[in-house]
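Where a number appears in this text, it was derived from the coordinates with a stated rule and is not lab data. It should be emphasised that the depicted structure is a prediction, and the values quoted were computed from it without experimental measurement. Here the Cβ positions follow ideal geometry from the backbone for every residue, glycine too, while neighbour counts run over all protein chains shown.
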Amino acid sequence: MNPVELKKIVEAALMALNSPLSVTDIMSMFGEDPGKPDRRAVRKALDELRQDYADRGVELKEVASGFRVQVRPELAGWINRLFEERPQRYSQALLETLAIIAYRQPVTRGEIEDIRGVSLSTGIIRTLFEREWIKVVGHRDVPGHPELLATTYQFLDYFNLKELAELPTLGDIRDIGQIEPDLFDSAGQAADPAMQSGGQDSGSDSVKDVFEENNVIPFSNQPGSG
């Protein structure tokens, strides 16, 4: 297939869908077509699109589930003014719970309560499941066999992350002390997946900065694009 035509098809697919597309997803569009591109050709088209958008108001971003075209985060505040529905805000308790799961996973509900020092509301866990930000990945081998909770690809996608290693280090989160940072270390496990993976410092952020506001707007979610 002509590389120029392939790039146009890939771009159109990215613009049309609300969810990220993986290389496999893109290749599936071509079925058994004799001119079906290989993975290398698709990745080259994606790389060229990323370069095309380098100085534009949108960007091609790779997240956990694949690639998507989105409004640049620094411009999201302007674009959000076109939406009647305001971005959803979450309680500090929910954000702390999400942070504990993200940095300490897999973790049980009881362990979350030990870290926060208060009982965990059923509503918080229900909201995280409804958002598909967490999932059950097993059970702790202790009496009662409590569920082990971990984050999902949807969590990474929503917060514009490709992998957990892109989370800021705990030392860079200003108000993490409110939820007892020393308790993140247990059984010899590192508290911070970014540290385990050699992640770079990403500046000083608060729990709210990291988890509360999603400044990512997929291009196909813009007003008039549906």
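The equivalent ellipsoid of the stretch 3-80 has semi-axes of 24, 13, 10 Å, largest first, where each one is the square root of 5 times an eigenvalue of the Cα gyration tensor.
Contact order, relative form, for the stretch 92-159: 35 percent (alpha carbon pairs under 8 Å, 6 or more residues apart, mean separation divided by residue count). The 3J(HN,Hα) values that the Karplus relation (6.51, -1.76, 1.60; θ = phi - 60°) gives for the stretch 14-19 are, in residue order, 5, 6, 7, 9, 7, 10 Hz. Gly and Pro appear as x.
Using a simple spin-label model with pseudo-atoms 7 Å out from Cα toward Cβ, Thr122 and Arg81 lie 4.4 nm apart. For the stretch 6-96, the relative contact order is 27 percent, taking Cα pairs closer than 8 Å that sit 6 or more residues apart in sequence and dividing their mean separation by the residue count. Annotation note: GluC sites (Glu not before Pro) in the stretch 13-122 located in DSSP loop regions with a Cβ neighbour count of at most 15 within 10 Å are Glu32, Glu84, Glu85. With only the Cα atoms considered, the stretch 92-159 has a convex hull volume of 83 Å³ per residue.
Per-residue 3J(HN,Hα) values for the stretch 56-70, derived from phi via the Karplus relation 6.51 cos²θ - 1.76 cosθ + 1.60 with θ = phi - 60°, read 10, x, 10, 9, 9, 10, 9, 10, 4, 8, x, 10, 8, 8, 9 Hz in sequence order (x marks Gly and Pro).
Under 5 Å between amide hydrogens, built in the peptide plane, is the criterion, and for Leu148 it picks out Val137, Gly138, His139, Arg140 among residues at least 5 positions away or on other chains. Across the stretch 119-131, rounded Karplus estimates of 3J(HN,Hα) from the backbone phi angles (6.51 cos²θ - 1.76 cosθ + 1.60, θ = phi - 60°) give 5, 9, 5, 4, x, 5, 4, 4, 4, 5, 5, 5, 6 Hz, Gly and Pro being marked x.
Panel order for Phe159, Phe83, by other beta carbons found within 10 Å of each beta carbon, from fewest to most: Phe83, Phe159. As an exercise, use a Förster radius of 30 Å and the Cβ-Cβ distance of Glu74 and Val137 to find the FRET efficiency, rounded to the nearest 0.05. Calculated value: 0.30.
Applying the criteria of a DSSP loop state and at most 14 other Cβ atoms within 10 Å to the trypsin sites (Lys or Arg not before Pro) of the stretch 40-93 yields Arg56, Arg89. Cross-link partners of Lys44 among lysines, defined as those whose alpha carbon lies under 26 angstrom from its own and excluding same-chain residues fewer than eight positions apart: Lys7, Lys8, Lys36, Lys61, Lys162.
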